[in-house]
1. Which pairs have Cβ atoms under 6 Å, sit 6 or more apart or on different chains, and link a residue in the stretch 268-288 that is under 17 Å from Ile373 (Cβ atoms) to one that is among the β-branched types (Val, Ile, Thr) and outside any strand (DSSP E or B)?
2. Please work out which residue is farthest from Leu38 (Cα to Cα), limiting yourself to the stretch 173-197 and to residues that are outside any strand (DSSP E or B) and within 19 Å of the chain's Cα centre (by Cα).
3. Taking the stretch 256-269, which residues are hydrophobic (A, V, I, L, M, F, W, C) and within 17 Å of Ser380 (Cβ to Cβ)?
4. Within the stretch 362-382, how many residues turn out to be surrounded by 19 or more Cβ atoms within 10 Å (Cβ to Cβ), out of contact with any Gly (no Cβ under 9 Å at 6 or more places or on another chain) and outside any loop (DSSP other than H, G, I, E, B)?
5. Can you tell me which residue among Ser263, Ser243 is at pLDDT below 85 and of a type in the set (S, T, N, Q)?
6. With the requirement that a residue be buried (at least 21 other Cβ atoms within 10 Å of the Cβ) and among the hydrophobic types (A, V, I, L, M, F, W, C), what does the stretch 227-243 give you?
7. Being under 19 Å from Ile34 (Cα atoms) and either at pLDDT 90 or above or surrounded by fewer than 18 Cβ atoms within 10 Å (Cβ to Cβ) (or both): is that true of Gln153 here?
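The values are calculated or read from the model by the stated rules, or taken from the named source; none is laboratory data. The structure presented is a predicted model; accordingly, all values stated were derived computationally and were not measured. When we count neighbours, we look across all protein chains shown, and the Cβ atoms used for this are built from the backbone with ideal geometry, even at glycine.
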Amino acid sequence: MDSPGTATTQFLSDLFKELNKTNDGNVLFSPLGILTALGMILLGTQGSTASEILKILSSEQVTDNFKIKSEEEEVIKKREEIHHQFQKLLTELNKFSNDYDLIISNRLFGEETYLFLQKYINYVEKYYHASLEPVDFVSAADESRKKINYWVQSQTNEKVKDLFPEGSLNSSTKLVLINTVYFKGLWDREFKKENTKKEDFWLNKNISKPVQMMAQCGSFSFNLLEDLQAKIVGIPYKNNDLSMFVLLPNDIDGLEKIIDKISPEKLVEWTSPGHMEQRRVDLRLPRLQVEETYDLKPMLEAVGVHRAFSERANYSGMSAHSGLHAQNFLHRSFLVVTEEGVEATAGTGVGFKVLLTASYELVHCNHPFLFFIRHRESDSILFFGKFSSP
């Protein structure tokens, strides 16, 4: 059975295309964060509700019929494997918090009149480092909203405020599931601030916006995608545990052609060690600050998760009460990319200017591109996005 890092490339591709349909500008989301939240839902679901989520979290065929004992036992086995894999992965990611800020936070806020099963509460804490917190939506919906907003703010270094606007939660709310992702990393080799210059970033062939364009020359993982008329470069963060991959089309207006042709298999192929090679690269990358909020309910429904949000949802593994269903699935992502690199003692080997020759590959990100941040050991994609509007 595949791990969360390798079983979900199809989900990543489908979800990105759904988000891209409804967002003309930038797109940023965390596949791992979203899948972790789906895992928490899976922990409390049964029947066809669980079957839909299993199809997302597992590449193996999952039956919709739970009546046959052997099939039921197989589903239980798959579910247990998924939860243990997430537990292992989240524990592994937490080990590297001294090298970069990576905060993946999950929380369920449930109406206090619903009696949630203690077994579920224990398991969601054990496997997903999360908790289910009861709140009073019935008689104190606005106070509950403020409490939820404060929690989100505290998990994102004060970057995300007022996630739920006034009036967005009411007495009919039964369950709110929130996933927040905050990341700020140190480059393995810093961009020198004195090399950053103001440049035009071309949204299309006729419209541009000014950006602060960072620059450095050095050895990077590189792949020339001739068939796609694009190039891809891997930029490692400190200790090489994480890397950002930038996929840049040759043409200013070539991004949509790439999006149309991208597939999970190609994404893995393009960035595999066998296809990436170390090349001397003249890299120019704009400073980025991307912040996006989505209610993923319609997108998840589009990729096959329906029952979890319907009144027919089976959350009997979470609560003995009937009628419980997820009303919101909010996802907030925040990403900052600056010149900051490793500490001075670790970055002195590249603190010099290189005179360019024809042997350098130019990767000049002055028009729309795709990017994703991947954890090397687990092969998990933490963030995936499109940068098209400064």
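1. Going by the 6 Å Cβ cut-off, the qualifying pairs are Arg287/Thr338.
2. Looking at residues that are outside any strand (DSSP E or B) and within 19 Å of the chain's Cα centre (by Cα), I get Leu186.
3. Leu267, Val268
4. 2
5. Ser263
6. Ala230, Ile232, Val233, Ile235, Leu242
7. Yes: the conditions hold for Gln153.
Yes/no per residue for (1) modelled with pLDDT under 80; (2) under 24 Å from Phe16 (Cα atoms); (3) within 23 Å of the chain's Cα centre (by Cα); (4) exposed (fewer than 13 other Cβ atoms within 10 Å of the Cβ):
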| position | (1), (2), (3), (4) |
| --- | --- |
| Asp282 | no, no, no, no |
| Met318 | no, no, no, no |
| Thr338 | no, no, yes, no |
| Val350 | yes, no, no, no |
| Leu355 | yes, no, no, yes |
| Tyr360 | yes, no, no, no |
